[in-house]
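Comments concern the structure below.
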Amino acid sequence: MPLAPSANNVRYNGTGRTYAGAVGGSSFDLLGDLENLNFNLSVSTDKMKTNLHASRATILEVESEREASLSFGLREMTNENLKMALLSGSFNALNQSASYVYQANPTLAADLFIELGHMNVFSTKLTGVITGSLAVGDTVTGGTSAATGKIAFVGSGYVELVNVSGTFQTGEQVYETQDTNYITPSGIETLEDVVVTDSTGAIRRVQGTDYSLDPDYGYIRKLSTGSIADEDVASYDHEAVNTKYTWAMSASSVQKKLIFASDKNDQGPRMRWTFHKVQINLNGDFPLIGSGAAILGVNATVLADTTQPSGQEYFKTEIIG
């Protein structure tokens, strides 16, 4: 007598976790939240047709190939996920310490961006009444805050600083010589700008008129319609930035052991699939610009793991509970 139909046998809106590790290994990385995970099994055959009749009917069909594969979308850009999907080697550190640059002379190209060599660049502007005289190159100190900075430009009623340490306060004396040469700031701004001046520091070039700047990545472009000269200098602070990099497609192939475990609260049978050996291949576009989540598409071909017992070389499917 056949079993009665049951909705408990229907897997619907499946969820679960996928783990990846070394082939033959017993420790695994969690791939994180996946966009999807699909399994495909195909069988190819060769057919022999009769030559006795015009119908050319099939008289023999012989299996020629079996192929199993997985496809999935990686949502989480972890180091291990990227190494696997981009066929790359290890990640390397190239960290930037917080520091400053004073009156560097970059080789600029008209209407083309060049790299300053630092990311997250900025300057500090103090606006207020200047008493006495302040000069480019002076180190100034906050009378109350004890913050310090180096003057990169002196304008009418303001100074621009780099190598800033600490936090200046409005209303305090920011002095080169206390009670003699100082500015009393009424406004303090952190600018997404670099201080570009002539070589003496006397003439300030203007962002948007003389140059364009991408402060996040430290790209600067000299505008041919502006007044920048080859001798001009740039001063700025830059934040600490932690950077990791990997050389993609440097690995000849990436093979992994994959395990999918369905969530125990899913509708339908609770399942675990163990794929002993799969070869990872990139699949499709990875949207660097676009709407929604950037999903890294991956295909994985199921290979025979010849270290497994005969008949168990490919994958195991378990129904639990």
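Projecting each Cα onto the charge dipole of the chain (Lys/Arg +1, Asp/Glu -1 at the beta carbon, about the Cα centre), which of Leu108, Leu303, Gln279 comes out farthest on the positive side?
Leu303
Among the DSSP beta bridges whose two residues both lie in segment 99-238, what percent are antiparallel, rounded to the nearest 5?
On the way: 45 of 47 bridges.
Bridges in segment 99-238 that DSSP calls antiparallel: roughly 95 percent.
Can you work out ³J(HN,Hα) from phi for every residue in segment 291-300, in order, using Karplus 6.51 cos²θ - 1.76 cosθ + 1.60 and θ = phi - 60°, giving whole Hz and x for Gly and Pro?
9, x, 5, 7, 9, 8, x, 9, 10, 9
Among Val23, Asn13, Asn40, whose Cα lies farthest out toward the positive end of the dipole of segment 11-62, if unit charges sit on the beta carbon of Lys, Arg (+1) and Asp, Glu (-1)?
Asn40
If packing is taken as the average number of other Cβ atoms within 10 Å across a peptide's residues, how do 235-245, 113-123 rank, most packed first? Write out the running numbers ahead of the final one.
Details: 235-245: 16.5, 113-123: 18.3.
Packing order, densest peptide first, comes out as 113-123, 235-245.
Work out, step by step, the length gained on full extension between Ser199 and His53: first 0.36 nm times the residue separation, then minus their alpha carbon distance; give nm to one decimal.
43.1 nm is the gain from fully extending Ser199 to His53.
Taking the Cα centre of the chain as origin, work out the dipole magnitude from +1 charges on Lys and Arg Cβ and -1 charges on Asp and Glu Cβ, in debye rounded to 20.
Working: 22 positive and 35 negative charges, 376 e Å.
Dipole size: approximately 1800 debye.
Length gain on complete extension for the stretch Ser252 to Glu192, per 0.36 nm per residue less the alpha carbon to alpha carbon distance?
Taking Ser252 through Glu192 to full extension adds about 17.3 nm, to one decimal.
Straight-line reach from Lys125: which aspartates and glutamates have a Cα under 17 Å away, not including same-chain ones fewer than 8 places off?
Partners found: Asp138, Glu160, Glu172, Glu176, Glu189, Glu192, Asp193, Asp237, Glu239.
Give the label of the value calculated from the structure for Rg/Rh (Cα atoms, Kirkwood Rh), choosing from [x] 0.97; [y] 1.26; [z] 1.07.
For Rg/Rh (Cα atoms, Kirkwood Rh), the calculated option is [y].
At what distance in angstrom do the alpha carbon centres of segment 162-229 and segment 246-312 lie from each other?
51
Every read-out reported here was derived from the displayed coordinates using simple, explicitly stated rules and does not represent laboratory data. Bear in mind that the values here come from a model prediction, so they are computed numbers and not experimental data. Virtual Cβ from ideal backbone geometry, glycine too; neighbours counted across all protein chains shown.
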